[in-house]
Amino acid sequence: MLLSIHVKPNSKTDQIGYDAYGNLKVKIRAQPVDGKANEYLIEYLSGIFGVPKSHITLLKGSNNQHKKVEISGDEAKLSTILKTL
């Protein structure tokens, strides 16, 4: 499953949801220094979707707030989780 995500690092809490336009938005506590926010994002998404970190790949946006992420796994399960956010 391919996801386009807007990430807001250095937030007070971790949170995932949709913005007013229906785009996936993730707030994370990690600071955007030395790739720590990207590592934390992968760890956070792994917990949300119930997949190992190795099943999540950052395709684009390693130095940007707009990221493309690929999650490998059961498409039906991943879609169901997305709908409940």
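Scanning region 56-84 for residues that are of a type in the set (Asp, Glu) and within 11 Å of residue 2 (Cα to Cα) yields 70, 75. Residues in region 48-85 that are under 25 Å from residue 34 (Cβ atoms), touching a residue at least 40 places away in the same chain (Cβ under 8 Å) and among the charged types (D, E, K, R): 67, 68, 70. Looking across region 3-55 at every residue that is in contact with a Phe, Trp or Tyr (Cβ under 8 Å, 6 or more places away or on another chain) and assigned to a strand (DSSP E or B), the one that is surrounded by the most Cβ atoms within 10 Å (Cβ to Cβ) is identified as 26.
Can you find, within region 36-47, the residue that is farthest from residue 17 (Cα to Cα) among those that are of a type in the set (A, V, I, L, M, F, W, C) and under 9 Å from the mean Cα position of the chain (by Cα)? Of everything passing the filter in region 36-47, 42 is farthest from residue 17 (Cα to Cα).
What are the residues in region 56-84 that are assigned to a strand (DSSP E or B) and at pLDDT below 90, if any?
Of everything in region 56-84, nothing turns out to be assigned to a strand (DSSP E or B) and at pLDDT below 90.
The values are calculated or read from the model by the stated rules, or taken from the named source; none is laboratory data. No experiment lies behind these values; they were computed from the predicted model shown. Using ideal geometry, Cβ is built from the backbone for each residue, glycine included, and neighbour counts are taken over all protein chains shown.
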